[in-house]
Amino acid sequence: MATEVKLPRLGKSMQDAVIVEYKVTLGDEVKKGDTLFEIETDKAALEVESPADGFVRHIFAQTGQTLNVGAVVLILAGRDEHIGQSLIDSAKYTVAAAGAQAAVSQETTAPGSTLAETDTRTAPQRPPRQIKLGQTIPLTAKQKVTAQKMLQSMREIPCFHLKVRADVTELVKLRSELSKTAENKFSYNDFIMLATAKALQKYPFMTGRLAGDAIIPADSIDIALAVTVPDGLVAPVVRNVNNKDIHRIAAETRTLAEKAQSNSLVPDDLSGACITISNLGTYGIESFVPIVAPGQCSILGLGRITDTCLPDDAISARPDSSEVAVRKLMNLTLSVDHRIANGSYAAQFLDLLKKLLEDTSNFS
């Protein structure tokens, strides 16, 4: 029986998507679960899997076309199965109604023909894994989404940047102790996410977004965490962080990271954040200036934790004491949309975040 493969709604906010590339060509045999095509929304690039076994008998949308949710992208059927003209016409109509260009449909099994004779197109290839000097590397769908958002940010968002060093010596000890008894190790990001949520509750303008001539604080504290994936960068979102303990946050960040690596994130996983956290400390970076994502007030950039010699007031009460102690410091850099928050307000937020990280009782 013929199966219409429609553009699925992969998130509550998803209304349409662009067909980025096909993973199959006309006439290919596919199994249920095989990837048919890749789409791009304003939030992410996603793969659409086959809902059934069959042969690709008709393709109605062209690469680069924008379709509404529910538009028929292609039809699967048996190799020699007859497909009624009414079904084909209906599928063409959904594509045309979506504002796409003229629909393209080709029959694959004319009498006496072979599949190879019917269609010789090939699907666009992914960028090669091995990159050579002088080679032209096409952008992946994820890279295109990132490039568009970053360009929008640089053009539209007037930012200022604040930096502070937090003494995370006690936090390092706490993470080590908790990881000894926990099923999975904790990430520093988990603690920073919880502290950020607490600080955002105190300074709600830092969750705000512009809506015309008004600033609207977020309904809930949903925090995005930037994650590197093989073909780009994504920022899945942990919801209601302020209402969760460190164990729950750690579990959810691990789940989202796994979904990111397996390319199984959906638009709802990537939308609605009021702030993003980006950590490059793993790569030895001590500090950097991150770019605010459109629709958010700020982004927090984290550097690596470094051992630093500081005067140790606890060793000696003498103000001229030369005693020092080795402390573990982390640079926090905050980029802020100046249209939403001013320097004083953002500085108070960052100062509170620093103090929350330095007092491990906030994570019990």
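Output the residue which, of all residues in segment 230-261 that are within 26 Å of THR333 (Cβ to Cβ), without any contact (Cβ under 8 Å) to a residue 40 or more places away in the chain and part of a loop (DSSP other than H, G, I, E, B), is nearest to the chain's Cα centre (by Cα).
PRO236
Need pairs with beta-carbon distance below 8 Å; first residue in contact (Cβ under 8 Å) with a residue 60 or more places away in the chain and within segment 198-215, second in a helix (DSSP H, G or I) and β-branched (Val, Ile, Thr); sequence gap 6+ or separate chains.
Once the first residue is in contact (Cβ under 8 Å) with a residue 60 or more places away in the chain and sits in segment 198-215, its partners that are in a helix (DSSP H, G or I) and β-branched (Val, Ile, Thr) give LEU200/THR207.
How many residues are in a strand (DSSP E or B) and of a type in the set (A, V, I, L, M) when one looks only at segment 262-302?
Going through segment 262-302 one residue at a time, the tally reaches 5.
So which residues in segment 23-69 are in contact with a Lys or Arg (Cβ under 6 Å, 6 or more places away or on another chain), touching a residue at least 60 places away in the same chain (Cβ under 8 Å) and of a type in the set (Ser, Thr, Tyr)?
THR25
Taking strands (runs of 3 or more DSSP E) that fall entirely within segment 159-229, which contain at least 1 residues that are within 17 Å of VAL292 (Cβ to Cβ) and of a type in the set (Gly, Ala, Ser)?
209-211, 223-225
Considering (1) surrounded by fewer than 17 Cβ atoms within 10 Å (Cβ to Cβ); (2) touching a Gly at 6+ places or on another chain (Cβ under 8 Å), say which one ASN184 fails and leave the rest.
Of (1) surrounded by fewer than 17 Cβ atoms within 10 Å (Cβ to Cβ); (2) touching a Gly at 6+ places or on another chain (Cβ under 8 Å), only one is false for ASN184: (2).
Considering segment 35-61 alone, what residues qualify as being in a loop (DSSP other than H, G, I, E, B) and over 11 Å from VAL5 (Cβ atoms)?
The answer is THR41, ASP42, LYS43, ALA44, ASP53.
Listed residues PHE55, PHE60; which is farther than 27 Å from SER271 by Cβ, surrounded by fewer than 21 Cβ atoms within 10 Å (Cβ to Cβ) and aromatic (Phe, Trp, Tyr)?
On inspection, the qualifying residue turns out to be PHE55.
Being surrounded by fewer than 17 Cβ atoms within 10 Å (Cβ to Cβ), of a type in the set (Ser, Thr, Tyr) and either under 27 Å from GLU358 (Cα atoms) or within 12 Å of the chain's Cα centre (by Cα) (or both) is true for just one of SER264, SER271. Which residue is that?
None of the other options fit; the residue is SER264.
When the residues of segment 17-34 are narrowed to those that are charged (D, E, K, R) and assigned to a strand (DSSP E or B), which ends up modelled with the highest pLDDT?
The qualifying residue modelled with the highest pLDDT is GLU29.
Of all residues in segment 299-326, how many are at pLDDT below 95 and surrounded by 17 or more Cβ atoms within 10 Å (Cβ to Cβ)?
Count: 0.
Cβ contacts < 6 Å: first residue in the same structural domain as ASN279 (by TED's automatic domain parsing), restricted to segment 302-327; second residue at pLDDT below 65 and not acidic (Asp, Glu), any location; separation 6+ or different chain. Result?
Going by the 6 Å Cβ cut-off, the qualifying pairs are GLU323/ILE315; GLU323/SER316.
Taking the condition of a type in the set (Val, Ile, Thr), surrounded by 20 or more Cβ atoms within 10 Å (Cβ to Cβ), farther than 22 Å from ARG175 by Cα and touching an Asp or Glu at 6+ places or on another chain (Cβ under 9 Å), does VAL234 pass?
Judged against the criteria, VAL234 is a match.
The values are calculated or read from the model by the stated rules, or taken from the named source; none is laboratory data. Predicted model only: the values in this text are computed from it and were never measured. Neighbour counts run over all protein chains shown; Cβ positions are idealised from the backbone, glycine included.
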